[in-house]
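Participant: Before I ask anything, here is the structure I am working with.
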Amino acid sequence: MNYLKKILVYALPFKRYAFLNIFFNILYALFGTLSFVVLIPMLQVIFPSKGEVTITKKPIYTTLDNLKDFLSDSFTYQIQLIAQDDKLKALTIVIILVIATFLFKNIFNYIALYFGTYLRNGILKNLRDTLYKRVLDLPVSFFSEKRKGDIMARIASDVGEVQNSFLSVLQIIVREPLTIIFSIIAMLIISPKLTIFIFIFLPVAGFIIAAIAKRLRQQSSDVQVEQGIFLSLVEETLNGLKIIKGFNAQNIFYRKFKESTSRFFEFSNKMMHRQNIATPLSEFLGIVTIAFLLWYGGNMVISETIKAESFLAFMGLAYNILTPIKSLSKANNSVKRGDAAAERVLEIIDSKDSLEDKKDAIVKDQFDSEIKFENISFKYQDDYVLKNFSLTVPKGKTVALVGQSGSGKSTIANLITRFYDVNKGAILLDGLDIRDLTTNSLRKQLGIVTQDAILFNESIKNNMKLLVDENVTDEAIIEALKIANAWEFVKDLPEGINTNIGDAGNKLSGGQKQRLSIARAVLKNPPIMILDEATSALDTESERLVQVALENMMKNRTSVVIAHRLSTIQNADQIVVMQKGEIIEQGKHNELIAKNGMYRKLVEMQSFE
């Protein structure tokens with residue numbers, strides 16, 4: 001339970017439900033024991049012992065040795081007092097008491113489960129909220145090697161497994177142990193010898209059951225990991241369905257999926273076999289214990305060491321112990337699975353955020369003068385993709401970065417937005433290291449348009465508001481759409497800006513999606529724009545419309561443009577040509593053409609005049 005203990009912090013807001021659950025579980029355990037104890041006087045009424053004497057005086061407690069007789073005689077005395085020697089009336093009273101104890105036992109059981117439900121579902125909610133928030137907060141680099149399906153499995157099934165385990169934890173800590181303790185106390189009062197006898201066998205049974213559950217945690221972890229793998233494959237399949245079908249690769253992906261589900265099948269079988277054997281084995285061991293108890297107790301009844309009704313009640317109490325022992329066995333299995341799931345959940349929650357704001361981070365509300373890349377170097381893994389890179393972008397100017405694939409252009413966009421931190425050097429905003437700023441205030445100064453237009457399964461209006469400002473007016477949205485050349489198609493849609501654009505905006509063309517993402521950046525109205533190959537995936541007509549939208553957006557703004565199509569950046573104030581992470585040329589378009597260097601070669605390769 002090492003990892004489940006760490007999860008307890010998420011139960012604190014619901015601790016009142018935990019206390020109420022514990023309180024009513026105590027009452028459940030108490031009345032569960034009493035429901036068997038009250039059988040003794042009923043059996044005495046039905047099967048009176050030979051020579052039984054009517055109790056005419058109220059019994060008096062003297063010593064611990066006569067506690068059993070005192071309790072039994074006191075109960076009998078009260079029954080006789082009410083029944084007035086009417087055996088049928090006495091039997092009726094005792095039966096009513098038996099029914100009442102069982103009724104209260106089940107009422108308290110329901111109430112305990114009622115409050116336990118709020119506790120479990122509260123933990124589920126808090127844990128999912130925390131996990132999702134952590135997914136949002138962790139840096140992009142954390143997820144670069146993580147499978148999306150595995151993250152989804154942790155949020156869905158692993159958190160659910162933790163939730164289920166908390167009921168088992170309450171059973172292990174409170175309910176079943178108290179049932180056992182109360183039953184043992186009653187058994188000791190009835191017959192210490194029989195109680196000692198039964199406890200010779202119970203530890204043996206417990207040891208065998210514990211041995212079975214020993215490897216359950218590891219097997220459960222294997223199942224959960226494999227579930228993450230095939231969910232990732234499903235997610236990849238849905239995202240790439242057109243490519244998979246276009247390349248007739250359905251059989252390849254189906255084979256990979258079957259291989260994963262086959263491993264899941266094997267792991268699940270091993271885990272379930274181990275779980276399934278626990279219940280019948282514990283039941284068989286319980287029956288063996290009862291059989292020995294019947295033999296030993298039967299001899300005591302025959303020798304009149306114990307009364308028959310007391311022995312029958314003792315048998316009921318012994319069964320009352322075996323039932324929670326079996327429940328503890330199941331609960332232990334559930335806790336093992338929950339602990340493995342909690343480990344996977346906490347792996348994300350406890351992950352260190354390398355880009356976390358400093359304690360004294362500065363809140364920057366405006367952009368005044370320049371962005372400066374001061375001798376920066378950066379590597380994703382082993383090799384540096386940027387080396388001693390220095391560049392100044394004055395306020396209001398447009399700087400374009402060009403170069404072959406792998407030259408480090410997009411890395412600049414990742415660094416200035418602080419998706420990653422530089423390994424050497426510094427990026428300065430108005431002379432302040434962006435690592436000294438709050439990430440929130442830094443990104444408020446930035447607008448981002450990427451090659452892939454990231455849209456959501458919402459209306460156009462909600463797509464605009466979702467990432468900018470929920471209080472923005474329809475008029476402001478329409479104005480942003482006009483600047484981005486998007487209003488011309490949006491106004492013709494069935495519901496205008498309230499039209500749902502489908503999953504990832506798939507109801508729209510590539511150019512339409514890109515213009516919407518530009519409109520969203522316009523609506524944010526940041527002083528600095530980062531354009532990461534915003535037109536590279538578009539056809540010629542769409543590119544023309546998007547380029548006009550970009551030029552409208554970049555007016556009076558500081559812009560860093562990462563360009564693949566050189567036709568889009570000929571009017572930039574400065575063009576920086578990159579190769580293998582270093583600057584090899586920089587200047588205006590005409591100046592670079594005149595140099596007859598790498599830039600001119602790139603232009604000629606694209607047949608640009």
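The values are calculated or read from the model by the stated rules, or taken from the named source; none is laboratory data. Since the structure is predicted, the reported quantities are computational estimates derived from the model, not experimental observations. Positions of Cβ are backbone-derived with ideal geometry, glycine not excepted, and every protein chain shown enters the neighbour counts.
Participant: Only residues in the stretch 568-591 that are assigned by TED's automatic domain parsing to the domain that holds LEU531 and within 16 Å of ILE412 (Cα to Cα) count as the first member; pair them with residues that are in a strand (DSSP E or B) and aromatic (Phe, Trp, Tyr), Cβ under 8 angstrom, at least 6 apart or cross-chain, and list the lot.
Facilitator: GLY581/TYR384; GLY581/PHE389; GLU582/PHE389; ILE583/PHE389
Participant: In this structure, does VAL385 turn out to be within 36 Å of the chain's Cα centre (by Cα) and not in a loop (DSSP other than H, G, I, E, B)? Before the answer, list the steps.
Facilitator: Numbers: within 36 Å of the chain's Cα centre (by Cα): yes; not in a loop (DSSP other than H, G, I, E, B): yes.
It is true that VAL385 is within 36 Å of the chain's Cα centre (by Cα) and not in a loop (DSSP other than H, G, I, E, B).
Participant: Restricting attention to the stretch 570-594, and to residues there that are part of a helix (DSSP H, G or I) and surrounded by 14 or more Cβ atoms within 10 Å (Cβ to Cβ), which single residue is nearest to the chain's Cα centre (by Cα)?
Facilitator: Among them, the one singled out is HIS589.
Participant: Another one. Suppose we keep only residues that are crowded, with 16+ Cβ neighbours inside 10 Å, among the charged types (D, E, K, R) and modelled with pLDDT of 85 or more within the stretch 444-477. Which one would you say is farthest from ALA413 (Cα to Cα)?
Facilitator: Top of the filtered list is LYS461.
Participant: Determine whether GLY228 is closer than 26 Å to LEU328 by Cα, at pLDDT below 75 and surrounded by 15 or more Cβ atoms within 10 Å (Cβ to Cβ).
Facilitator: No.
Participant: Considering only residues of the stretch 9-24 that are buried (at least 17 other Cβ atoms within 10 Å of the Cβ) and at pLDDT 90 or above, which is nearest to PHE115 (Cα to Cα)?
Facilitator: Only one residue tops the list, namely LEU20.
Participant: Going by the conditions given, is ASN552 in contact with a helix residue (DSSP H, G or I) (Cβ under 9 Å, 6 or more places away or on another chain), in the same structural domain as LEU531 (by TED's automatic domain parsing) and not basic (Lys, Arg)?
Facilitator: Details: in contact with a helix residue (DSSP H, G or I) (Cβ under 9 Å, 6 or more places away or on another chain): yes; in the same structural domain as LEU531 (by TED's automatic domain parsing): yes; not basic (Lys, Arg): yes.
Yes, satisfied.
Participant: Also, I was wondering about something else. On the given criteria, is ILE448 within 30 Å of ASP360 (Cβ to Cβ), assigned to a strand (DSSP E or B) and either of a type in the set (Val, Ile, Thr) or touching a Lys or Arg at 6+ places or on another chain (Cβ under 7 Å) (or both)?
Facilitator: Yes; evaluated as a whole, the condition is true for this residue.
Participant: Identify the residue in the stretch 137-151 that is in a helix (DSSP H, G or I) and modelled with pLDDT of 80 or more and, among all such residues, is nearest to ASN106 (Cα to Cα).
Facilitator: If we take residues in the stretch 137-151 being in a helix (DSSP H, G or I) and modelled with pLDDT of 80 or more, then ILE151 is nearest to ASN106 (Cα to Cα).
Participant: A further question on this structure: If you check SER459, SER441, SER405, SER354, which single one turns out to be among the small types (Gly, Ala, Ser) and free of Cβ contacts under 8 Å to residues at least 24 places away in the same chain?
Facilitator: Selected residue: SER405, the only one of SER459, SER441, SER405, SER354 that is among the small types (Gly, Ala, Ser) and free of Cβ contacts under 8 Å to residues at least 24 places away in the same chain.
Participant: With the condition kept exactly as written, say whether any residue in the stretch 269-281 is over 30 Å from PHE197 (Cβ atoms) and either at pLDDT 80 or above or in contact with a strand residue (DSSP E or B) (Cβ under 8 Å, 6 or more places away or on another chain) (or both).
Facilitator: yes
Participant: Regarding the stretch 555-565, can at least one residue be identified that is in contact (Cβ under 8 Å) with a residue 60 or more places away in the chain, assigned by TED's automatic domain parsing to the domain that holds PHE389, touching a Phe, Trp or Tyr at 6+ places or on another chain (Cβ under 9 Å) and among the charged types (D, E, K, R)?
Facilitator: no
Yes/no per residue for (1) touching a helix residue (DSSP H, G or I) at 6+ places or on another chain (Cβ under 8 Å); (2) outside any helix (DSSP H, G or I); (3) among the aliphatic types (A, V, I, L, M):
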site	(1), (2), (3)
ALA313	yes, no, yes
ALA318	yes, no, yes
LEU322	yes, no, yes
LEU328	yes, no, yes
GLU356	no, yes, no
THR411	no, no, no
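Participant: Going by the structure shown, is LEU545 in contact with a Leu (Cβ under 9 Å, 6 or more places away or on another chain), buried (at least 16 other Cβ atoms within 10 Å of the Cβ) and modelled with pLDDT of 80 or more?
Facilitator: Working: in contact with a Leu (Cβ under 9 Å, 6 or more places away or on another chain): yes; buried (at least 16 other Cβ atoms within 10 Å of the Cβ): yes; modelled with pLDDT of 80 or more: no.
It is false that LEU545 is in contact with a Leu (Cβ under 9 Å, 6 or more places away or on another chain), buried (at least 16 other Cβ atoms within 10 Å of the Cβ) and modelled with pLDDT of 80 or more.
Participant: Same structure again: Considering only residues that are in a helix (DSSP H, G or I) and aliphatic (A, V, I, L, M), look in the stretch 291-310 and name the one that is farthest from THR195 (Cα to Cα). Walk me through it before giving the result.
Facilitator: Quick first cut of the stretch 291-310, residues in a helix (DSSP H, G or I) only: 291-302, 308-310.
Those still in the list that are aliphatic (A, V, I, L, M) too: 291, 293-294, 300-302, 308.
Numbers: ALA291: 14, LEU293: 9, LEU294: 12, MET300: 13, VAL301: 15, ILE302: 18, ALA308: 16 Å.
Among those that are in a helix (DSSP H, G or I) and aliphatic (A, V, I, L, M), it is ILE302.
Participant: Hey, another quick one. Please list, ordered by first then second residue, the pairs with beta carbon atoms under 8 Å, 6 or more apart or interchain, first in the stretch 482-495 and over 16 Å from LEU550 (Cβ atoms) and in the same structural domain as LYS513 (by TED's automatic domain parsing), second of a type in the set (Val, Ile, Thr) and in a loop (DSSP other than H, G, I, E, B).
Facilitator: These pairs meet every condition: VAL490/THR499; LEU493/THR499.
Participant: Failed condition for PHE373, given (1) assigned to a helix (DSSP H, G or I); (2) touching a Phe, Trp or Tyr at 6+ places or on another chain (Cβ under 6 Å), with all others met?
Facilitator: Condition (1) is where PHE373 drops out.
Participant: Could you list all residues from the stretch 451-488 that are outside any helix (DSSP H, G or I), touching a helix residue (DSSP H, G or I) at 6+ places or on another chain (Cβ under 7 Å) and of a type in the set (Asp, Glu)?
Facilitator: GLU458 - this is the single residue of the stretch 451-488 that is outside any helix (DSSP H, G or I), touching a helix residue (DSSP H, G or I) at 6+ places or on another chain (Cβ under 7 Å) and of a type in the set (Asp, Glu).
Residue-wise test of (1) modelled with pLDDT of 90 or more; (2) assigned by TED's automatic domain parsing to the domain that holds LYS555; (3) more than 30 Å from VAL159 (Cβ to Cβ).
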| residue | (1), (2), (3) |
| --- | --- |
| ASP357 | no, no, no |
| PHE378 | yes, yes, yes |
| PHE389 | yes, yes, yes |
| THR392 | yes, yes, yes |
| LEU401 | yes, yes, yes |
| GLY408 | no, yes, yes |
| PHE419 | no, yes, no |
